[in-house]
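The structure appears below as structure tokens.
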Amino acid sequence: MSANHNSNKALVNVLTIDVEDYFHPNAMTTTVPRADWERLPARVEGSTHLMLDLLAEHGVRATFFVLGWVAERLPQLVDEIAGRGHEIACHGYGHRLVSELGPELFREDVMRAKAILEDRLGAPVVGFRAASYSLVRTTPWAIDALIEAGFEYDSSIFPIHHDIYGYPGFSRFAVRIQRPAGQIVEVPASTVRAFGRNWPVAGGGYFRLLPYWMTQRAVERINTRDAAPAIVYLHPWELDTAQPRLPGPMTARFRQYTNLRHTRARIDRLLRDFRFAPIREALSFDGLPVRAFDGAATEP
């Protein structure tokens, strides 16, 4: 373990969990129609229990972005996540890309999911993450919808180049966005800056595809060079090595199934090597820089 790592042991990073099932990722939508979701064997309850138990072993709490579709069918799972001390946030209802929904359907999707979660919890849900980080430069209206819905923060922007999502010109760190509807804090997924561009290191497929030492060094670099907490995301289905292998494009299958067998060991190392907490505990929203969101780039 490096000296830099030891010197930043007190810095608390952010751990987020996107609660969705193995058939929900958008990469699979071409071969797994939404109409088929109900007939597929659900595994999200078991995989989420695996994640909860692993976090409990390390005494770590996280922010769980729960899909409304899941919460509607497994309300007791929402109870258990909250009962174990984790923060509940909203992942939308049907795991559809922001641009695919458009302004009106996006608003309906968000409000439906928020209502399901709040009715179950009896408390406000103030955090949101869009499916596949699909809030991008051309969807500023989505920010307005989130502000009007009463969300305090969003974590839907990944400041990278990608074929499905990404806003490479956006800030790499949390900022307060100013829109006509008001303000909201944006918490982007973590990247490292090298060779004039941002590189994804925050979790998910990148966590499985890259060797663990690269993730470790990336988090250390964010903690030391940027003096900032890393924002990491994982999915319960990434612990489910027995999940059915769905048909799909080679790229989609590569992203979904590569190194699933290594996920648990890597998460175990990550939780040993670094400190983590939910978004609202690890981050201070006071004093953040204020930025407009009008489709223009901000600083990297």
Revision key, fill the gap. Counting all Cα-Cα pairs in region 131-193, those more than 19 Å apart amount in percent to 24 percent
Study note, to complete from the structure: Between D119 and E80, Cβ-based FRET efficiency (R0 22 Å, step 0.05) works out to 0.85
Practice item. Evaluate the distance, in nm, between pseudo-label points positioned 7 Å from the Cα of V290 and of E104 along their respective Cα→Cβ axes. Key: 3.3 nm
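Assuming R0 = 35 Å, can you tell me the calculated FRET efficiency for the pair A194 and D53, based on Cβ-Cβ distance, to the nearest 0.05?
Details: r = 36 Å, r/R0 = 1.03.
Taking R0 as 35 Å, the efficiency between A194 and D53 is 0.45.
Report the trypsin sites (Lys or Arg not before Pro) located in region 233-271 that are in a DSSP loop and have at most 15 other Cβ atoms inside 10 Å of their Cβ, or state none.
On the way: sites: R245, R253, R255, R261, R264, R266, R269; in loops: R245.
Answer by residue number: R245.
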Check your understanding: By DSSP, what percent of the beta bridges with both residues in region 142-261 are antiparallel, rounded to the nearest 5?
Key -> 75 percent
Revision key, fill the gap. Percent antiparallel among DSSP beta bridges confined to the chain, rounded to 5, stands at 25 percent
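Pulled fully out, how much extra length does the chain show between E148 and D226, if you take 0.36 nm times their separation in residues and subtract their Cα-Cα distance? Working shown, then result.
Details: separation 78, 0.36 × 78 = 28.08 nm, distance 3.23 nm.
Answer, rounded to one decimal: 24.9 nm.
Throughout, read-outs are computed from the coordinates displayed, never taken from laboratory work. In this text the structure is predicted, and so the values were computed from the model without any measurement. Cβ atoms come from the backbone with ideal geometry, glycine included; neighbour counts cover every protein chain shown.
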